[in-house]
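The values are calculated or read from the model by the stated rules, or taken from the named source; none is laboratory data. Treat the numbers as computed from the prediction; the structure is a model and nothing was measured. Neighbour counts are summed over all protein chains in view; Cβ atoms, including those assigned to glycine, are modelled from backbone coordinates with ideal geometry.
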Amino acid sequence: MKNLIVYATKHGTVKKCVEMLKEKLNGETVLANVNEEFPDLDNFDTVILGGSIYIGKIQKKLSKFAEDNLGKLLKKKVAVFICSGEDNPEYIPKAFPAELLNHVVSKQLFGGELILENLNFFTRFLMKRIMKIKNDYSRIKESNISELADNINEE
């Protein structure tokens, strides 16, 4: 089995989750940041799409990738995930096309984290002053990462 994980990350949490997921998947797994070049989908049996939520939306490039490749994705084993500081399952239907979501073998919320030093000055200021967040936190859900991997690994 050959897997492709197409992801978008802003502050590194998605990349961290993708690396954790890769360790749990059977077969060869290739990671592809949607902001860079990535391999042809025809070379993979499974495609996993994931990104992070900001102001209720996933990264535009990941959303566009899913829309532009919908036909090919519907012929593959597909799973999707999002990373978010909020545990809100309503983000998933807003992030990916409905036709794709009806086809996927797994939809997961991987949780999120906030590492203040990874934020730009303005965002860090907002987090500290307006949202009153003073410390880093990590709420990555390793059990959800494992569940997605188990769903993909099932033959």
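So for the stretch 53-71 (the condition being within 19 Å of Ile145 (Cβ to Cβ) and small (Gly, Ala, Ser)), does at least one residue qualify? Looking through the stretch 53-71, none of the residues is within 19 Å of Ile145 (Cβ to Cβ) and small (Gly, Ala, Ser).
Among the residues of the stretch 19-57, those that are more than 20 Å from Leu101 (Cβ to Cβ) and in contact with a Leu (Cβ under 7 Å, 6 or more places away or on another chain) comprise Lys22, Val30, Ala32, Pro39. Scanning the stretch 18-61 for residues that are among the hydrophobic types (A, V, I, L, M, F, W, C) and touching a helix residue (DSSP H, G or I) at 6+ places or on another chain (Cβ under 8 Å) returns Met20, Leu21, Leu25, Leu31, Val34, Leu41, Val47, Ile48, Leu49, Ile53, Ile58. Residues in the stretch 126-145 that are loosely packed, with under 15 Cβ neighbours inside 10 Å and modelled with pLDDT of 70 or more: Lys132, Lys134, Asn135, Glu142, Ser143.
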